[in-house]
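Chemist: Sharing a structure with you now.
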């Protein structure tokens with residue numbers, strides 16, 4: 001089955017050595033992370049890659065397609081990491097609040113593991129109006145929404161086991177992200193300003209308590 005990510009990458013891929021293309025994407029990731037969308041140029045990416053602008057343009061016809069490739073690659077990596085986190089922490093739940101808090105802490109690890117990706121996310125949040133049409137939608141589909149669908153599937157499993165009372169698993173997944181990790185993500189500016197362990201734990205535990213009040217089994221409320 002062709003995924004949104006596969007289809008998107010097909011539109012920006014040109015013939016040529018795969019490793020050279022990957023090298024250009026890596027270089028572009030670094031430049032976009034430092035400079036953002038507006039101030040990044042093809043020439044700067046070429047200099048970072050140690051090649052000429054014509055090489056960058058051979059693989060990516062314009063800066064918008066280059067940004068899309070960088071964002072989708074990062075989104076796929078983060079989504080894969082978070083899918084693994086959900087599988088690990090929700091496979092066997094014995095103490096609902098404790099295990100959800102552990103999931104919340106693990107959910108934040110990509111902020112550290114993928115710093116350049118989240119630096120780009122910070123930039124595009126400030127440059128939304130200037131971005132090429134479709135870039136945000138494709139990134140959201142390949143990254144945050146894909147991750148939320150996987151989390152929803154796991155939460156539905158907890159509901160089937162009687163550990164949660166969930167009518168709409170997608171809504172529950174959205175609430176988990178907003179309540180449990182959203183405060184940390186916002187206050188740390190997507191990991192740019194790390195919070196203390198104490199503050200992180202307090203935000204997560206408060207969010208979990210709110211989540212359980214909303215979606216815990218009726219007998220526990």
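Chemist: With respect to residue 66, is the statement that it is surrounded by 21 or more Cβ atoms within 10 Å (Cβ to Cβ) and more than 16 Å from residue 115 (Cα to Cα) true?
Modeler: When the stated conditions are applied, residue 66 passes them.
Chemist: While we're on this one: Among the numbered criteria (1) more than 30 Å from residue 41 (Cβ to Cβ); (2) touching a residue at least 60 places away in the same chain (Cβ under 8 Å); (3) part of a helix (DSSP H, G or I), which one does residue 159 miss?
Modeler: (2)
Chemist: Going through the range 136-173 one residue at a time, which ones are out of contact with any helix residue (DSSP H, G or I) (no Cβ under 6 Å at 6 or more places or on another chain), surrounded by fewer than 20 Cβ atoms within 10 Å (Cβ to Cβ) and farther than 19 Å from residue 120 by Cβ?
Modeler: Answer for the range 136-173, where residues must be out of contact with any helix residue (DSSP H, G or I) (no Cβ under 6 Å at 6 or more places or on another chain), surrounded by fewer than 20 Cβ atoms within 10 Å (Cβ to Cβ) and farther than 19 Å from residue 120 by Cβ: 149, 153, 157, 159, 160, 161, 162, 167, 168, 171.
Matching residues to (1) within 20 Å of residue 134 (Cβ to Cβ); (2) at pLDDT below 95:
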{"residue": "1", "(1), (2)": "no, yes"}
{"residue": "6", "(1), (2)": "yes, yes"}
{"residue": "35", "(1), (2)": "no, no"}
{"residue": "43", "(1), (2)": "no, no"}
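Chemist: For the range 92-118, give me each residue that is within 17 Å of residue 199 (Cβ to Cβ) and assigned to a helix (DSSP H, G or I).
Modeler: Across the range 92-118, the qualifying residues are 101, 104, 105, 107, 111, 112.
Chemist: Go through the range 189-221 and report how many residues are under 21 Å from the mean Cα position of the chain (by Cα), assigned to a loop (DSSP other than H, G, I, E, B) and closer than 27 Å to residue 153 by Cβ.
Modeler: 2
The values are calculated or read from the model by the stated rules, or taken from the named source; none is laboratory data. Everything quoted here is computed from the prediction, not taken from an experiment. Virtual Cβ from ideal backbone geometry, glycine too; neighbours counted across all protein chains shown.
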